[in-house]
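Visitor: Encoded as structure tokens, here's the structure I'll be asking about.
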């Protein structure tokens with residue numbers, strides 16, 4: 001069978017290629033070991049005889065392959081379309097979305113909390129211990145408001161902390177609907193022991209920022225939380241009702 005001219009492929013520079021010529025041009029001496037498949041197809045595109053010889057198929061089967069130039073143009077066009085959408089404010093990279101960034105920040109904060117605070121306390125349990133440390137003898141409804149929790153979650157937390165011997169729940173004489181809460185001796189000692197760790201945690205969370213950036217970050221974070229407080233499932237309410245807890249405090253102290 002006569003081979004098409006101009007399609008010889010030499011394996012070494014010193015050997016005769018299939019056309020019988022020695023020292024052929026660089027185009028005729030393409031080597032599979034040097035060029036990748038894409039470059040080879042680019043080089044032999046338009047030579048149907050070579051395509052048939054090398055691949056055992058007609059050259060038109062290569063028509064589905066797009067040369068590099070066309071692919072680059074298509075990618076540039078697609079990138080321009082995506083940029084236009086972002087400019088219109090209709091699309092934004094997921095990694096730049098505020099919600100995603102806040103979720104990632106929360107993941108980082110929780111991970112640092114557990115590695116720093118230890119003692120088997122979760123972030124919300126730590127908040128409960130600190131609130132009861134500052135307001136001993138409050139009821140579960142007030143605890144929920146001060147910790148930004150719904151009442152059922154606050155009640156479950158109180159039960160778990162009571163089982164661990166950290167919190168004491170008491171039933172007031174005048175009202176059987178509200179449980180009064182107070183730290184036990186062990187709970188008070190744990191809350192005091194966690195304070196240095198909490199200071200270390202604050203430093204770890206902000207150490208990637210300089211002093212000025214830390215101040216700006218905390219100021220904006222407080223502003224964001226304050227202005228969007230009512231959007232929360234359980235808004236924070238730091239108003240302390242003395243009328244509800246007056247008798248509670250005195251009874252808790254006597255207990």
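The values are calculated or read from the model by the stated rules, or taken from the named source; none is laboratory data. Because the structure is a prediction, the values reported are computed rather than measured. Cβ sites come from the backbone with ideal geometry, for glycine too, and all protein chains shown count toward neighbours.
Visitor: In segment 183-196, is there at least one residue being surrounded by fewer than 10 Cβ atoms within 10 Å (Cβ to Cβ), within 24 Å of the chain's Cα centre (by Cα) and at pLDDT 95 or above?
Guide: Checked against the condition, which is being surrounded by fewer than 10 Cβ atoms within 10 Å (Cβ to Cβ), within 24 Å of the chain's Cα centre (by Cα) and at pLDDT 95 or above, segment 183-196 yields no hits at all.
Visitor: Output the residues belonging to segment 98-123 that are in contact with a helix residue (DSSP H, G or I) (Cβ under 7 Å, 6 or more places away or on another chain) and not in a loop (DSSP other than H, G, I, E, B).
Guide: 100, 109, 110, 112, 113, 116, 117, 123, listed by residue number.
Visitor: Report yes if some residue within segment 169-189 is under 25 Å from residue 108 (Cα atoms) and in contact with a helix residue (DSSP H, G or I) (Cβ under 7 Å, 6 or more places away or on another chain); otherwise report no.
Guide: No, that holds for no residue.
Visitor: Something else about it: When you look at residue 149, is it under 23 Å from residue 228 (Cα atoms) and over 26 Å from the mean Cα position of the chain (by Cα), yes or no?
Guide: No; evaluated as a whole, the condition is false for this residue.
Visitor: Something else about it: Can you name every residue in segment 140-187 that is within 20 Å of residue 120 (Cα to Cα), touching a strand residue (DSSP E or B) at 6+ places or on another chain (Cβ under 9 Å) and either outside the structural domain of residue 226 (by TED's automatic domain parsing) or not in a helix (DSSP H, G or I) (or both)?
Guide: Hits for segment 140-187 are 166, 167, 168, 182, 183, 184.
Visitor: Quick check: is even one residue across segment 112-128 surrounded by 20 or more Cβ atoms within 10 Å (Cβ to Cβ) and touching a strand residue (DSSP E or B) at 6+ places or on another chain (Cβ under 9 Å)?
Guide: Yes, the conditions are met somewhere in segment 112-128.
Visitor: Here's something else I'd like to know. Please enumerate the residues belonging to segment 211-255 that are outside any helix (DSSP H, G or I) and at pLDDT 95 or above.
Guide: Of everything in segment 211-255, just one residue is outside any helix (DSSP H, G or I) and at pLDDT 95 or above, namely 228.
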